[in-house]
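The values are calculated or read from the model by the stated rules, or taken from the named source; none is laboratory data. Keep in mind that what you see is a predicted model, and the values were worked out from it rather than measured. Note that we place each Cβ from the backbone using ideal geometry, even for glycine, and neighbour counts take in every protein chain shown. Ligands, DNA and RNA are stripped out before the accessible areas are found, and what is left, the full protein with its side chains, is counted by its heavy atoms. Shrake-Rupley method; radii C 1.70, N 1.55, O 1.52, S 1.80 Å.
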Amino acid sequence: MKITALLVILLLSSYVHAQEENSEQSEKGSHRVSLGLSHVNIAQGVKDSGSKWLSVPAWSVDYDYWLSDQWAIGLHTDIIVESFEVKANLSSEEETLERSSPIAPAAVGIYKATKHSSFLFGVGAEFAKEENLFLNRIGYEWGTEISPKWELGLSACYDFRWNAYDSFLIGISVCRKFKAKK
């Protein structure tokens, strides 16, 4: 039911977007590089032998290539700068995972629903010295142009780490856009 509702919203936003006059230049063939400051929020955190909601700082480094005005592919990487412990939420026993400054890249598909709003979805992994974890990422990005080549963005992403833990990221970023030379 949730997937059907999401598909309906995406189709309706596509229809609304198609009805707008497109006086701007095409995004097709352009590149975007972003550097962001974010916080990764983890509900299953462990601190002082008890459960605690953790909010750990992270850097986000993203690259996107626009296939059309509405679709892009990218590599979005979150670099968590602190070590922490979490409870494995899908484990049958009370398993605690240690994570030492993990790096979580994900290959994503991006759908630009409106001039300022984009949805993303993808797969990736979280790499840490203890063990690597497979993840799925969904997210929302809002951006506005500062100048023709610069953009300010806000992002919210949810990562599902298989058989481990989930996290929610909120961030702000500065993006540089490049148009491919013909």
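Answer with yes or no whether L75 is in a strand (DSSP E or B) and more than 22 Å from R176 (Cβ to Cβ).
Spelling it out, it is not the case that L75 is in a strand (DSSP E or B) and more than 22 Å from R176 (Cβ to Cβ).
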Of (1) touching a residue at least 60 places away in the same chain (Cβ under 8 Å); (2) open to solvent by 10 Å² or more (accessible area, probe 1.4 Å), Y165 satisfies every one except (2)
All conditions in (1) touching a helix residue (DSSP H, G or I) at 6+ places or on another chain (Cβ under 8 Å); (2) at pLDDT 95 or above are true of T114 except (2)
Checking K177, K129 in turn, the sole residue that is of a type outside the set (A, V, I, L, M) and open to solvent by less than 80 Å² (accessible area, probe 1.4 Å) turns out to be K177
Turns out the strands (runs of 3 or more DSSP E) fully within the stretch 89-182 with at least 2 residues that are charged (D, E, K, R) are 96-99, 133-147, 150-161, 166-179
Note: among K28, K47, just one is basic (K, R) and more than 30 Å from F178 (Cα to Cα), namely K47
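A quick yes/no check of all residues on (1) assigned to a strand (DSSP E or B); (2) touching a Cys at 6+ places or on another chain (Cβ under 6 Å); (3) modelled with pLDDT under 55; (4) surrounded by fewer than 10 Cβ atoms within 10 Å (Cβ to Cβ):
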site	(1), (2), (3), (4)
L6	no, no, yes, no
S13	no, no, yes, no
H17	no, no, yes, no
S23	no, no, yes, yes
K28	no, no, no, no
S34	yes, yes, no, no
A43	yes, no, no, no
K52	yes, no, no, no
Please verify whether the stretch 137-144 includes one or more residues that are closer than 15 Å to R99 by Cα and either open to solvent by 20 Å² or more (accessible area, probe 1.4 Å) or not β-branched (V, I, T) (or both). no
In the stretch 86-113, residues that are over 30 Å from G50 (Cβ atoms) and open to solvent by 50 Å² or more (accessible area, probe 1.4 Å) total 1
Checked against (1) surrounded by 13 or more Cβ atoms within 10 Å (Cβ to Cβ); (2) on the phi > 0 side of the Ramachandran plot, S118 satisfies every condition except (2)
